[in-house]
1. Is there any pair linking a residue in the range B:14-27 that is more than 12 Å from chain A (Cβ to nearest Cβ) to one that is outside any helix (DSSP H, G or I), with Cβ under 8 Å and at least six apart or on different chains, and which?
2. If I ask for residues that are farther than 16 Å from residue B:51 by Cβ and either hydrophobic (A, V, I, L, M, F, W, C) or not in a loop (DSSP other than H, G, I, E, B) (or both), which ones from the range A:1-25 would you list?
3. Collect the residues in the range A:91-113 that are more than 22 Å from residue A:35 (Cα to Cα), surrounded by fewer than 18 Cβ atoms within 10 Å (Cβ to Cβ) and not polar (S, T, N, Q), keeping them in residue-number order.
4. Might you let me know whether the range B:86-103 holds any residue that is without any contact (Cβ under 8 Å) to a residue 12 or more places away in the chain and assigned to a loop (DSSP other than H, G, I, E, B)?
5. Just checking, how many residues over the range B:30-68 are over 16 Å from residue B:12 (Cβ atoms), touching a residue at least 24 places away in the same chain (Cβ under 8 Å) and not in a loop (DSSP other than H, G, I, E, B)?
6. Look at the range B:1-13 and say how many of its residues are within 14 Å of residue B:35 (Cα to Cα) and either over 14 Å from the mean Cα position of the chain (by Cα) or at the interface with chain A (Cβ under 7 Å from one of its Cβ atoms) (or both).
7. Would a scan of the range A:40-49 turn up a residue that is under 17 Å from residue A:5 (Cβ atoms) and of a type in the set (Lys, Arg)?
8. Somewhere in the range B:67-80, is a residue out of contact with any strand residue (DSSP E or B) (no Cβ under 9 Å at 6 or more places or on another chain), of a type outside the set (A, V, I, L, M) and within 14 Å of chain A (Cβ to nearest Cβ)?
Number of protein chains: 2
Amino acid sequence: MDRIPILKMGPFLLVTIQVDMHDRLALSLQDDLAERIASTEARGVLIDISSLEIVDSFIGRVLANIAAVSRVLDAQTVVVGMQPAVAITLVELGLSLPGVRTALNVERGMELLRAALESETLGSDGDASTAF
Amino acid sequence: MDRIPILKMGPFLLVTIQVDMHDRLALSLQDDLAERIASTEARGVLIDISSLEIVDSFIGRVLANIAAVSRVLDAQTVVVGMQPAVAITLVELGLSLPGVRTALNVERGMELLRAALESETLGSDGDASTAF
């Protein structure tokens, strides 16, 4: 198992993290996601971490990096499904996932992305989204 | 890692299989799915196997069992994302995944489920779907 599958759902990409992230896997996920965002012209990325029981500073950094790379490629990132215990531990450790938006579950995350996309389409001149 | 996360997407449930299935994991997935179908009144199950490089008779049986249990609970199952090499091997081995519908990717699978749901809603008197 050396790749985390990336599923395309309309204008968004969905990633479910189920396995322990090690350095190489995190890097390959970041690369794959960047490539898929470019090839599918995706506007949002949903990362489900509902099966993670621990989110340490390494995972936090991976999520923040993915969000930063996606942002540069004009896609927004939402982390969904965080277990309550994980949220408590994160705050206790002082890790606040800077630059990463969160939602309770995939459905809410998708609503968030759709709303962001709509407000963007209404208020922008669309120069970045048409460049390819 | 002893559970495969099940994501709710509207009236459907989505499962991404990323890890090697062993007996216990397969059984717990089957139990969890049956429970989630009942609690969310889901009408369809999408199982993504795009990261599986081998589908042997054990996995084939697990998929067929999940499809059979879902059917009894009034939900349809679609297996999506099968790699071309896996499909070739399956046919060569004489495993045809009886009772399991397949689609190229999650989007096509969802279209299939939606179409099935619509034709069902048009043609039924809806007695099974209102029982709870």
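The values are calculated or read from the model by the stated rules, or taken from the named source; none is laboratory data. This one's a predicted model, so the numbers in the text were calculated from it and none came from an experiment. No Cβ is skipped: glycine too gets one built from the backbone with ideal geometry, and neighbour counts run over all protein chains shown.
1. The qualifying pairs are B:24/B:2.
2. Those that are farther than 16 Å from residue B:51 by Cβ and either hydrophobic (A, V, I, L, M, F, W, C) or not in a loop (DSSP other than H, G, I, E, B) (or both): A:9, A:12, A:23.
3. Correct list: A:91, A:92, A:93, A:94, A:95, A:98, A:104, A:107, A:108, A:111.
4. Taking the range B:86-103 first, the residues without any contact (Cβ under 8 Å) to a residue 12 or more places away in the chain are B:87-88, B:91-92, B:94, B:96.
Then drop every residue that is not assigned to a loop (DSSP other than H, G, I, E, B), which leaves B:94, B:96.
The answer is yes; a qualifying residue exists.
5. Adding up the residues that qualify gives 10.
6. Taking the range B:1-13 as the starting set, the residues that turn out to be within 14 Å of residue B:35 (Cα to Cα) are B:3-8, B:12-13.
Within this subset, residues satisfying the condition of being either over 14 Å from the mean Cα position of the chain (by Cα) or at the interface with chain A (Cβ under 7 Å from one of its Cβ atoms) (or both) are B:3-5, B:7-8.
Qualifying residue count for the region: 5.
7. Checking the range A:40-49: not a single residue is under 17 Å from residue A:5 (Cβ atoms) and of a type in the set (Lys, Arg).
8. no
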